[in-house]
1. Which numbered condition in (1) surrounded by 10 or more Cβ atoms within 10 Å (Cβ to Cβ); (2) modelled with pLDDT under 90; (3) of a type in the set (Lys, Arg) is the only one that LYS85 fails?
2. Picking from ASN58, ASN43, which residue would you name as being at positive phi and either at pLDDT below 90 or not hydrophobic (A, V, I, L, M, F, W, C) (or both)?
3. Could you look through the range 1-23, keep only residues that are of a type in the set (D, E, K, R) and touching a helix residue (DSSP H, G or I) at 6+ places or on another chain (Cβ under 8 Å), and pick out the one that is modelled with the highest pLDDT?
4. Please state which one of MET39, MET34 is without any contact (Cβ under 8 Å) to a residue 40 or more places away in the chain and within 19 Å of PHE5 (Cβ to Cβ).
Amino acid sequence: MTASFMNSDFKIYNILFELKYLSYSHTVKHIWDMLQTIMRTWNFQEKVIAIMMDNDSNMIKAISYFSNIIRIPYTAHTLQLVIEKDLTPILVFIV
């Protein structure tokens, strides 16, 4: 889990809070529990306003369980999916 924030002088900070292995299965409840645990450990449950993550359905659902946090889709992941799916038919024309 990382965090990005800006101070009063508009300086941007990026911090790595935790890098944890999430064992299988990646169920909605397992993901949500892990996020809750990390936020409680660092005492920032009330400070998180948005979470950016990929478009996996379990991730989307896990974030929806937080009433005060919005999910921001990871644009690069969305673009990668579009490229893989929609541009595959033209691969036959690429040398």
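1. For LYS85, the exception is condition (1).
2. Being at positive phi and either at pLDDT below 90 or not hydrophobic (A, V, I, L, M, F, W, C) (or both) holds for just one of ASN58, ASN43, which is ASN43.
3. GLU18
4. When all the criteria are applied, what remains is MET39.
The values are calculated or read from the model by the stated rules, or taken from the named source; none is laboratory data. Just so it is clear, the model here is predicted, and its values are computed rather than measured. All Cβ positions, glycine included, derive from the backbone under ideal geometry; neighbour counts span all protein chains shown.
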